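Everything below concerns the one structure shown next.
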Amino acid sequence: MRILILGAGGIGGYFGARLQQAGADITFLVRPARAEHLREHRLRVWSPFGDLQLTPDLLTAVDTPFDLVLLSCKAYDLASALDAIAPAVGPQTVVLPLLNGIAHLDLLDARFGRERVAGGVAHLALTLDESGGIRHLNASQRLIIGARHAAQSAAIEALGAVLSGISPDYTVSADIEQDMWDKLVFIATLAGATCLMRASIGDILDTRAGRALIEGMLEEGAAVATACGRAPAAQRMTGYRAQLTEAGSTLTASMLRDVLRSARTEADHILGDLCRRADAQSVSVPKLDLACSHLQAYEATRARLSESSG
């Protein structure tokens, strides 16, 4: 199976490196500057699950179909990413997105057809360091993939067989869209609370209304998912609640790290999308609305300051 990975940053670089180490046929589609850096310094990963330094196969443009395209980009780069991978998507190609949220599925389905677009969820914290290497920030590397159409089943099962040989944390789901909805509920709460309060979960919990804020956001997100026919399982909610109310937790969302460095965020793709779905289902989400408004104000301010400085 020939696999093309768009990007060699956090998600794409990490899982691409793991797959290449396992013997998979991996090619990275990257921007010219990233290609030059990787040719000079190799693809480097520092992780609690083992460090890697590999020489990757690189392309800066593609003109032939691959068996599977793993799409790992920021949501705000999705339009340009679709244009970049389009030549790699043939009649039998499966596209596997590993973006947060679910809004991208509609765009991918419209561009390539639902029968070509699988689903995936990654649960790990990654960042690029100053040297361009990938730093794994926590002790989790959970990856879930799944078919959304029967036409994808063979490719997803084949990839799943490779992944399961790498780690028991890499699994194939029978209902990947439910898994994606579940993560949306979790990440909207984590990002909403930590960005709104500019603090970790533990520090938020130490405030007067912190627990009520976090638990309220979680319940609102679950209510939206339920109204959309994707209610999180009780056991899943219990796990999320425990993780999000752990005293002393240093957990923050990657979106907060983006805010703290004055970078663009995926707020509209995560919180904005969930709030719009709440409106469509007439579900009241005042705490998520507040977090969404806060991030909209941040993005507006950031854009204005960028224009004035440019």
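The values are calculated or read from the model by the stated rules, or taken from the named source; none is laboratory data. Not measured: the values here are computed from a predicted model. Here Cβ is always computed from backbone atoms with ideal geometry, including for glycine, and neighbour counts include all displayed protein chains.
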Residue count, the stretch 279-304, condition more than 18 Å from Ala193 (Cα to Cα), touching a residue at least 24 places away in the same chain (Cβ under 8 Å) and in a helix (DSSP H, G or I), comes to 1
Taking the criterion of being part of a helix (DSSP H, G or I) and among the aromatic types (Phe, Trp, Tyr), would at least one residue in the stretch 171-193 satisfy it?
yes
What is the one condition in (1) within 22 Å of the chain's Cα centre (by Cα); (2) in contact (Cβ under 8 Å) with a residue 60 or more places away in the chain that Arg2 does not satisfy?
(1)
Considering only residues that are buried (at least 23 other Cβ atoms within 10 Å of the Cβ) and either in contact (Cβ under 8 Å) with a residue 40 or more places away in the chain or outside the structural domain of Ser131 (by TED's automatic domain parsing) (or both), which ones fall in the stretch 13-28?
Gly13, Tyr14, Phe15, Gly16, Ala17, Arg18
Among the residues in the stretch 48-60, are any buried (at least 21 other Cβ atoms within 10 Å of the Cβ), more than 20 Å from the chain's Cα centre (by Cα), assigned by TED's automatic domain parsing to the domain that holds Thr93 and not acidic (Asp, Glu)?
no
Being without any contact (Cβ under 8 Å) to a residue 40 or more places away in the chain and within 18 Å of Asp182 (Cβ to Cβ) is the filter here, so list the residues in the stretch 206-232 that pass it.
Ile214, Glu215, Leu218, Glu219, Ala222, Thr226, Gly229, Ala231
Of those in the stretch 242-285 that are among the hydroxyl-bearing types (Ser, Thr, Tyr) and over 14 Å from the mean Cα position of the chain (by Cα), the residue nearest to Glu299 (Cα to Cα) is Ser262
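If I go through the stretch 73-123 residue by residue, how many of them are part of a loop (DSSP other than H, G, I, E, B), among the aliphatic types (A, V, I, L, M) and farther than 16 Å from Gly272 by Cβ? Please lay out each step first, then the result.
Within the stretch 73-123, the subset part of a loop (DSSP other than H, G, I, E, B) is 73-74, 98-102, 113, 118.
If we keep only those that are among the aliphatic types (A, V, I, L, M) as well, we get 98-99, 102, 118.
Okay, now just the ones that are also farther than 16 Å from Gly272 by Cβ, so 98, 118.
Total meeting the criteria: 2.
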Ala199 vs. criteria in a loop (DSSP other than H, G, I, E, B) and either touching a Leu at 6+ places or on another chain (Cβ under 9 Å) or on the phi > 0 side of the Ramachandran plot (or both):
yes
Just name the residue that is farthest from Gly119 (Cα to Cα) out of those in the stretch 61-77 that are buried (at least 19 other Cβ atoms within 10 Å of the Cβ) and at pLDDT 95 or above.
Phe66
Applying the selection to the stretch 45-65, what residues are out of contact with any Ser or Thr (no Cβ under 8 Å at 6 or more places or on another chain), in contact (Cβ under 8 Å) with a residue 60 or more places away in the chain and not in a strand (DSSP E or B)?
Ser47, Pro48
Please tell me if Glu157 is out of contact with any strand residue (DSSP E or B) (no Cβ under 6 Å at 6 or more places or on another chain), modelled with pLDDT under 95 and not assigned by TED's automatic domain parsing to the domain that holds Leu251.
no
